[in-house]
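Let me begin by presenting the structure, written as structure tokens, before commenting on it.
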């Protein structure tokens with residue numbers, strides 16, 4: 001795992017994200033374990049951060065695919081991943097045991113999304129367009 005602290009324009013830490021499940025042999029990684037302070041959620045920060053991470057993964061690390069994973073029921077995260085240009089690869093059913101005390105050891109279905117290297121130019125153009133619209 002390679003964690004990154006996310007800073008706002010003033011340099012104040014407002015969240016974190018990671019490169020994780022790094023597979024150097026197969027030129028793949030996952031972007032995940034992302035969280036943001038409530039005051040910056042639904043702002044341009046996540047889009048800017050993901051654009052930087054995706055650009056680095058594809059242009060410097062020569063990844064062939066970047067994955068994103070989230071819980072089946074996390075609709076906000078799923079829509080956010082889809083806005084990045086990622087496509088649903090599939091669902092890992094009963095993928096993990098949710099050990100949270102309120103979950104009573106329920107089983108988690110995990111949605112796996114990805115952006116492939118040949119899809120990145122389109123995803124990148126979309127993210128740059130979204131950021132330009134937020135700047136107006």
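Bear in mind that the values in this text are calculations on the coordinates, not laboratory data. In this text, all values refer to a predicted model and were calculated from it rather than measured experimentally. Backbone-built Cβ (ideal geometry, glycine too); neighbour counts: all protein chains shown.
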Task: Residue-span extension gain [residue 128 to residue 62] - 0.36 nm each, minus C-alpha spacing - done: 21.7 nm
- [ ] Just subtract the alpha-carbon distance of residue 9 and residue 41 from 0.36 nm times their residue separation and send over the number in nm, one decimal.
- [x] 10.1 nm
TODO: Among DSSP beta bridges lying fully in the chain, give the percent that are antiparallel, nearest 5.
DONE: 90
- [ ] Note down the nm distance, to one decimal, between modelled labels 7 Å out along Cα→Cβ at residue 20 and at residue 91.
- [x] 2.1
Task: Rounded Å value of the spacing that divides the Cα centres of the range 66-126 and the range 9-37 - done: 14
Open item on the list: Contact order normalised by length for the range 2-134, with contacts defined as Cα pairs under 8 Å and 6 or more residues apart; what percent is it?
Closed with: 20
